[in-house]
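The values are calculated or read from the model by the stated rules, or taken from the named source; none is laboratory data. From a predicted model like this one, the values you see are computed outputs, not experimental measurements. Cβ sites come from the backbone with ideal geometry, for glycine too, and all protein chains shown count toward neighbours.
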Amino acid sequence: MRAVAPDLPHTVFAAMRRGFFGRCPRCDGARLFSAFLKPVDRCPLCAQDWTLHAADDFPPYVSIIVTGHVMAPVMIVLGSMTALSTGLVVGIALVLAITMLMSLLQPAKGAIIALQWWLGMQGFAVRPGKVEAGVE
Ligand SMILES: [Zn+2]
């Protein structure tokens, strides 16, 4: 595969933003995911090998922490509404929490893969801008 010269991100936040939005953190020119939580094996444009990541359980941890912090005030407001029954409050909270968790999983995984790539963690042996791991 012949790789194009990538438009490398200048900061870790730029790389994580690309991953958060499901774009290749290295070149921003192709999709990072081939399925919901399955990254592509290799970027079709810049040839970065994304099988080197090891995001593991960290994306669900991030999603749970963010959802919990957002849902706490929502639960307090819902709980203070005396017009709503307990069952309705629990139902609304469950739907909101599950929706938020599921919608944060892929962005969190993309951002964490980008962070690992930027920091040269796991299989990404060296930092971008130098000799990169996983690029042929
Ligand atoms: Zn790429």
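Here is how the numbers come out for the structure above:
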{"read-out": "Residues of the range 8-39 classified as part of a loop (DSSP other than H, G, I, E, B) and within 9 Å of the ligand (Cβ to nearest atom), total", "value": "8"}
{"read-out": "Residue check for Gly110: touching a Gly at 6+ places or on another chain (Cβ under 8 Å), under 30 Å from Ala5 (Cβ atoms) and part of a helix (DSSP H, G or I)", "value": "yes"}
{"read-out": "Residues of the range 62-89 satisfying the condition of being more than 27 Å from the chain's Cα centre (by Cα), exposed (fewer than 14 other Cβ atoms within 10 Å of the Cβ) and not hydroxyl-bearing (Ser, Thr, Tyr)", "value": "Ile76, Val77, Gly79, Met81, Ala83, Gly87, Leu88"}
{"read-out": "Meets criteria (surrounded by 15 or more Cβ atoms within 10 Å (Cβ to Cβ), closer than 14 Å to Gly110 by Cα and free of Cβ contacts under 8 Å to residues at least 24 places away in the same chain) for Asp28", "value": "yes"}
{"read-out": "Some residue of the range 50-61 being modelled with pLDDT under 95 and touching a Cys at 6+ places or on another chain (Cβ under 8 Å)", "value": "yes"}
{"read-out": "Hits in the range 40-62 - residues which are under 16 Å from Gln106 (Cα atoms) and either near the ligand (Cβ under 7 Å from one of its atoms) or of a type in the set (A, V, I, L, M, F, W, C) (or both)", "value": "Val40, Trp50, Ala54, Ala55, Phe58, Val62"}
{"read-out": "Search result, residues across the range 65-84 that are in a loop (DSSP other than H, G, I, E, B) and at pLDDT 90 or above", "value": "none"}
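Every residue, every condition in (1) exposed (fewer than 15 other Cβ atoms within 10 Å of the Cβ); (2) in contact with a Ser or Thr (Cβ under 9 Å, 6 or more places away or on another chain); (3) of a type in the set (Asp, Glu), yes or no:
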| site | (1), (2), (3) |
| --- | --- |
| Thr11 | yes, no, no |
| Phe33 | no, no, no |
| Arg42 | no, yes, no |
| Cys46 | no, no, no |
| Thr51 | yes, no, no |
| Asp57 | yes, no, yes |
| Pro60 | no, no, no |
